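Worksheet: one structure, shown below.
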Amino acid sequence: MKKDILSLSLTELEREIKAIGEQKFRAKQIFDWLHVKRAADFSEMSNLSEQFRLKLAEHFCIKRLNIQKKLVSEHDYTVKYLYGLHDGQGIETVQMRYKHANSLCISTQAGCKMNCSFCASGANGFVRDLEPSEMLLQLYETERDSGINVGSLVLMGIGEPLDNFDNVVKFLQLLSDKQGRNMSLRHVSLSTCGLADEIDELAELKLGLTLSVSLHAADDETRSRIMPVNKKYNIARLLSSCRNYFEKTGRRVSFEYALIKDVNDSLETAERLARLIKPLGAHLNLIPVNHVPAKKHKKSDNVKAFQEKLTNLGINATVRRTLGADISAACGQLRAETAKL
Ligand code: SAH
């Protein structure tokens, strides 16, 4: 089988190039063609001999994603792509345009194992992990299609990034490689449902990215009901890993909290939540829960009061702007809808 060249680090590529009898410095030229000039085919690599290009094509492939669907929001320029992978799987990528910057939300797995009760991503089960190249290509294909330079990136699409740990770390290294796409990891956030052991592992790597934790409840009973992962890592264990992440990396963790009517939106819950996260000095993002047809959760009508309560208790809480609501821009909605057809 041909090797997936976009998943190789520069050091790995150098090794591979030497192994096929070519000089090591050629790897840098190829890396530049792939990650800076964005060549989609070896034939474009004009500073390599034709013979060498043919040899590369024998050993390696340059993967692509194909646009299966592209939806443009009429309200706010949010663009949602459903990208097809080589094995027919579909994944979602959302481009969000703000006044000064463009942000991209990418998927890390096809499907998800985590089964959060309000989320559409795991609706059709878990299929497979994405390769580093398939994460990188969500950025490259979107930049190619839109002609827009993406300034920041969030790993908040389909899948649980820390459940695909090695590939995600490899992707982050490729993304930030100075010889490649050169995106500073200060502009990258990773969102997790709370795999505490992997948060600890990530902290050790000191990559400098922002960790965002999907909390969604202030007590274990409620959290275990809506997020099964809580049965493995309860809130106390999770928060201890968040504290450790801050201590090791110097970067504050932020929390996501989807407000669901009559489940986690009472003012008493806001008080409990404030007590839990205040010691972490963390920022809290409130998300009015997006309606997912197959799920029965309802949007809270207590968002403003919940936020005010937290603010009064000294918590920095903001309500997330809902972008692209008209194009099913919430996690996994498009993949789930398409699979049903
Ligand atoms: N697995 C990761 C990242 C993907 S989900 C995680 O759990 O963080 C990205 C965010 O969207 C998470 O905070 C998730 O809980 C939230 N989310 C999922 N479905 C939602 C819905 N229907 N409404 C609002 N937020 C949702």
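The values are calculated or read from the model by the stated rules, or taken from the named source; none is laboratory data. Computed from a predicted model, the values in this text were never measured in an experiment. Every residue, glycine among them, receives a Cβ derived from its backbone with ideal geometry; neighbour counts consider all protein chains shown. Please note that ligands, DNA and RNA were not included when accessible areas were found on the heavy atoms of the full protein model with its side chains. Shrake-Rupley method; radii C 1.70, N 1.55, O 1.52, S 1.80 Å.
General observations
- Top-ranked residue of the stretch 105-137 - restricted to ones that are aliphatic (A, V, I, L, M) and within 18 Å of K63 (Cβ to Cβ), ranked as nearest to the ligand (Cβ to nearest atom): I106
- Taking residues in the stretch 252-281 that are touching a residue at least 24 places away in the same chain (Cβ under 8 Å) and at negative phi, and partners anywhere that are within 16 Å of the ligand (Cβ to nearest atom) and acidic (D, E), the pairs with Cβ atoms closer than 8 Å and at least 6 places apart or on different chains are L259/D265; K261/D301.
- Looking only at the stretch 209-221, and only at residues there that are in a loop (DSSP other than H, G, I, E, B) and out of contact with any Lys or Arg (no Cβ under 6 Å at 6 or more places or on another chain), the one that is nearest to F118 (Cα to Cα): H216
- Subset tally (residues that are open to solvent by 80 Å² or more (accessible area, probe 1.4 Å) and of a type in the set (S, T, N, Q)) for the stretch 1-43: 2
- When E74 is tested against (1) open to solvent by 10 Å² or more (accessible area, probe 1.4 Å); (2) touching a strand residue (DSSP E or B) at 6+ places or on another chain (Cβ under 9 Å); (3) modelled with pLDDT under 95, exactly one condition is not met: (2).
- Scanning the stretch 205-227 for residues that are within 18 Å of N164 (Cβ to Cβ) and open to solvent by 10 Å² or more (accessible area, probe 1.4 Å) yields a count of 3.
- Evaluated against (1) in contact with a strand residue (DSSP E or B) (Cβ under 7 Å, 6 or more places away or on another chain); (2) without any contact (Cβ under 8 Å) to a residue 60 or more places away in the chain, K69 falls short on exactly one condition, (2).
Residue by residue, here is whether (1) under 15 Å from Y140 (Cβ atoms); (2) buried (at least 21 other Cβ atoms within 10 Å of the Cβ); (3) touching a Gly at 6+ places or on another chain (Cβ under 6 Å) holds:
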residue	(1), (2), (3)
R64	yes, no, no
Q68	no, no, yes
D87	no, no, no
K99	no, no, no
L104	yes, yes, no
Q109	no, yes, yes
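- Leading residue by the ranking (farthest from the ligand (Cβ to nearest atom)) among those in the stretch 194-204 that are under 23 Å from L136 (Cβ atoms) and open to solvent by 10 Å² or more (accessible area, probe 1.4 Å): E201
- Of the residues making up the stretch 228-239, those that are under 14 Å from K113 (Cα atoms) and open to solvent by less than 70 Å² (accessible area, probe 1.4 Å) number 3.
- Look at the stretch 180-200: where a residue is in a helix (DSSP H, G or I) and a partner is modelled with pLDDT under 95 and surrounded by fewer than 18 Cβ atoms within 10 Å (Cβ to Cβ), sitting 6+ places away or on another chain with Cβ atoms under 7 Å, you get L185/G208; R186/G208.
- Residue in the stretch 241-275 that is most open to solvent (accessible area, probe 1.4 Å), counting only those that are hydroxyl-bearing (S, T, Y) and more than 25 Å from D197 (Cβ to Cβ): S266
- Top-ranked residue of the stretch 284-304 - restricted to ones that are under 27 Å from T210 (Cα atoms), within 11 Å of the ligand (Cβ to nearest atom) and aliphatic (A, V, I, L, M), ranked as surrounded by the most Cβ atoms within 10 Å (Cβ to Cβ): V289
- When Q333 is tested against (1) modelled with pLDDT of 95 or more; (2) within 12 Å of the ligand (Cβ to nearest atom), just one condition goes unmet, and that condition is (1).
- Candidate set from the stretch 151-163 (those that are assigned to a helix (DSSP H, G or I) and crowded, with 23+ Cβ neighbours inside 10 Å); member that is nearest to the chain's Cα centre (by Cα): P161
- Summed over the stretch 44-54, residues that are surrounded by fewer than 19 Cβ atoms within 10 Å (Cβ to Cβ) and within 27 Å of N149 (Cα to Cα) total 3.
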